Each structure stands twice: as C-alpha cells, then as structure tokens.
Amino acid sequence: MSSLLAVLDAGDAQPAAVRLRARSYDLLGDLPGQTVVDVGCGGGRAVAELAERGAGAIGVDPGPEMIAAARKRFPSGEFRHGDAYDLPLESGSVTGYRADKVLHLLDDPARAMAEARRVLAPGGRIALLGSDWDTIVIDSDDPATTRRLVHAKADSFPSPRIARRHRNLLLDAGFTDPVVEVHTLVLTDDTALALVHRITDDPAWLAEQTERHRTDRIFVAIPMFLVAAQG
C-alpha cells in the first residue's frame, strides 16, 4: 500500500496534475457550502483540496486499506468505504460528484453513472477525469513493440477506452450541457519511468526506457479527458 501511495503521490505532485485537479474542481461550480463526493478517492488528496475550497467533501473508496491511509493522512476529512455502483449516500444528498482515474477500472461504467444520478441532487454537477489507455504516447526506438505493449496493458483493464466515451456516457445517463476538455500530461522524469514499469515487465523494452531515463531522454505523454455536466 505504501508503494502504491508513493506512486500516486509522485504523479499527483506533477505541476500539470495539480492544475488538472484544480480545473476539475472549477467545473463542479461554486463549491463553498456544497457537498461533493470524490469516488475512488484513494489516498484522499482531492478530498482535502475540495475542503480547502469550502466544500463538504466525502471520499469513497472500495479499498479498506486505502480508506485507512486516507484517514491517517487527512484526519479532518470524511472517508467512507464503498464502491461506484453502491455509494454509501442517500439519494439526492450531494451537489457534486467527481471521479478521477476510476471508470477504466469498472466493467459497467453506465451502472456507475446511474448511481451518480441517484446521489446527485437536481441541478448537481458531475466531473469525470481519466486517460484513454490506448492513447498513451511513449517515445521508443521500437514503436511496433511499444504499440503492442501499450495496447496489451490497455486490454488488461475492464474499460480501458472509457475516457473517450465520457461525454456520451453522461448524455446517455441523462446529464446535460457537457463540457469536454483534453489536457496532456508530459512526463520526463522518475514518474515516467515508474509508469512504463507499470505497463510491462519486458526486459529489453524496459532496458531502453531505463537508459533513456538515465540520459534524460525518456518521454511519456498522457492525454487526460475531463468532462463535466449538469444533473
């Protein structure tokens, strides 16, 4: 758990990631006095940042160990055990819903959006943020192998291409007035090396990426799809 949190924290600390989280909060509307649920809250950083903006933030995560870590890291935050299909919230009890890098892990994102509709009060705002795993760009001397490895990693997730469907997913669930943005995270440091190690254990391909990292030549670009809509 500590190693996973370290990886998440390193990614969250990237300046572009900080700006992107802030943009997702902006798209939820005027936050002071509002109640926002952060679904798949992980280590709890977004819950703390939403609270700093004046929201009553609730973090929900299916992992008991992750919830325990979030409570330890951000003791003033509110964290509950639950999943995107069955949120521990009353119907219409929140005015904001946020899910960041969550929907690709679900085998039925449409069901999660129906649950989002249930917990959101009329007129509430929803923001979905995530990457389309097929669109990750990695510089390599062997592009054919890189494509194969990236696609193989994508296919290991239940819904790897769901981010490109965020807009239609929300429309199908009855949300209105979607706003669509694409922001690209560019990684050229230790975070890039950590990410390529998450993609594969292929020794030859990783050896090239490790050498690129050593010589300051590693390059990973991740388009992040951010869509917000009205309930």
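Full extension of the chain between residue 142 and residue 219 yields a length gain of 26.4 nm, computed as 0.36 nm times the residue separation minus the alpha carbon distance. In whole percents, the pair-distance distribution calculated for the chain from its alpha-carbon pairs, binned every 10 Å from zero, is 8, 32, 36, 18, 6, 0.
Using the Cβ of residue 21 as centre and a radius below 15 Å, the other residues enclosed give a net charge of -2, where K and R count +1 and D and E count -1. Each of residue 197 and residue 151 was given a label point 7 Å from its Cα along the Cα-to-Cβ line. The distance between the two points is 2.8 nm. Placing a label point 7 Å from the Cα of residue 22 along the Cα-to-Cβ direction, the residues of the stretch 99-119 whose backbone N falls under 20 Å from that point are 99-101. Calculate the length of the line joining the C-alpha centroid of the stretch 153-231 to that of the stretch 53-67, in whole Å. Cα centroid of the stretch 153-231 versus Cα centroid of the stretch 53-67: 23 Å apart.
Across all Cα pairs in the stretch 43-152, the calculated P(r) in 10 Å bins from zero up to the longest distance comes to 13, 37, 28, 15, 7, 0 percent per bin.
Only helices enter the 222 nm calculation for the chain: every DSSP H run of n ≥ 4 contributes -39,500 (n - 2.57), and dividing by all residues gives -12000 deg cm²/dmol, rounded to 500.
Each value in this text was obtained by applying a stated rule to the coordinates, not by laboratory testing. These numbers come from a predicted model, not from an experiment. Cβ coordinates were reconstructed from backbone atoms using ideal geometry, including for glycine residues, and neighbour counts include every protein chain displayed.
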